[in-house]
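The values are calculated or read from the model by the stated rules, or taken from the named source; none is laboratory data. All figures in this text were calculated on a predicted structure; none of them were measured in a lab. Cβ atoms come from the backbone with ideal geometry, glycine included; neighbour counts cover every protein chain shown.
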């Protein structure tokens, strides 16, 4: 234990990074005497740890919060690896929250507890068995040699839990059974779980429900396929020994986090659509994408901003991009109005199914759930109700966008009417003048 403590003090004393908890100078009164263990004074983080946050978000974190968290922790882990240090015990309890204000950007996530951290060199292999079982890479369980890729696995497990609220691989299973089942997964499988019938199921998709939009969900699934590979040699896209290149996983994550997303509420489908956009994409490109997805001709689509304004076809789509679930654009189908008998169709469902356990209980209400499934059922029910509330808000905001647009057109009509009236008045004066002449 003394050896572990000495190692943590030594490592902390030479690390200086925003996303790793800082060691502060030791006050004179706390300087240890000879033969006493060294003192370690660390900065205070008032927001508690990530575990406490996850207990309040049983179906995963909001997308904007998740992106900020992932960015912070990735920077911290990559910095440790740049110093040839592997953490070996990355888990929600070892990620703390420093709050400096009420906004998202005023929060910093920091890695703590480097007691298990170990210095690594590019070719070094470690053989000690450390860390917390549920987040350990498989090579640690088998007591094989390992490298910094153990942190990739732990980071992937933490990320999956932050997205979905559950760990990816049989979280309630005993280690022996866990190892025997999870090692059967395919390289691209990112979760192994018991389905509603009690059968073990492997999947390369994130479990439902979660709060990610469809584009981010696809992005993070690709990232997790890299981080949660059973084979440590292929995990994370590790750079070659002695190379100055970054590990491929960090490049991939940078692309995910820096990719602007366009959030569009499609009224005809009653669905939130997302598209990754680049500088070259214009509003015309967006309308073409909407035409392909909705099967509605582009000429019949009307695209409005939240303020009810129309956009130029040549305007950059990236200018309307955002990082939260609130749509910045609303798309409507133009009502032709040339057929008096034409009736607008009712607004369809958004197509989202009930979460699996909620659907099961609707069909089999006579089934008694155990305490764990009861919590899961209530969490999924709350999630579904929250999604319906968001759907109602989007419908309400789309109505406002139309109202703003109509009010703007009415204002323009009134202005033009006044101009015509003034011109008519002047014309009448001119006619009277001519008649009198």
Original post:
For region 280-295, what are the residues that are closer than 22 Å to residue 335 by Cβ and surrounded by 17 or more Cβ atoms within 10 Å (Cβ to Cβ)?
Top reply: 283, 286, 287, 290, 294
**OP:** Scan region 203-226 residue by residue and report those that are over 17 Å from residue 153 (Cα atoms) and touching a helix residue (DSSP H, G or I) at 6+ places or on another chain (Cβ under 9 Å).
**Re:** 207, 208, 209, 210, 211, 212, 213, 216, 217, 219
Subject >> Where residue 387 falls short, out of the listed (1) more than 17 Å from residue 209 (Cβ to Cβ); (2) within 30 Å of the chain's Cα centre (by Cα) >> reply: (1)
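Kindly provide the set of residues from region 163-177 that are closer than 19 Å to residue 372 by Cα and either part of a helix (DSSP H, G or I) or not assigned by TED's automatic domain parsing to the domain that holds residue 135 (or both), ordered by number.
Residue satisfying the conditions is 164 alone.
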Original post:
Being at pLDDT 75 or above, in contact with a helix residue (DSSP H, G or I) (Cβ under 8 Å, 6 or more places away or on another chain) and over 16 Å from residue 235 (Cβ atoms), is that true of even one residue in region 127-147?
Top reply: yes
**OP:** Return the residue satisfying two criteria in turn: it lies in region 53-104 and is within 27 Å of residue 214 (Cα to Cα) and without any contact (Cβ under 8 Å) to a residue 24 or more places away in the chain, and of such residues it is surrounded by the most Cβ atoms within 10 Å (Cβ to Cβ).
**Re:** 55
Subject >> Only one of 43, 93 that is in contact with a helix residue (DSSP H, G or I) (Cβ under 6 Å, 6 or more places away or on another chain) and either closer than 30 Å to residue 143 by Cβ or in the same structural domain as residue 161 (by TED's automatic domain parsing) (or both) >> reply: 93
Subject >> Members of region 16-38 that are in a loop (DSSP other than H, G, I, E, B) and farther than 26 Å from residue 99 by Cβ >> reply: 31, 32, 33, 34, 35, 36, 37, 38
Original post:
Could you list, in sequence order, the residues of region 358-406 that are within 24 Å of residue 54 (Cβ to Cβ), outside any helix (DSSP H, G or I) and out of contact with any helix residue (DSSP H, G or I) (no Cβ under 9 Å at 6 or more places or on another chain)?
Top reply: 370
**OP:** Test residue 105 against the criterion of being closer than 20 Å to residue 61 by Cα, in a helix (DSSP H, G or I), within 28 Å of the chain's Cα centre (by Cα) and modelled with pLDDT under 90, and give yes or no.
**Re:** yes
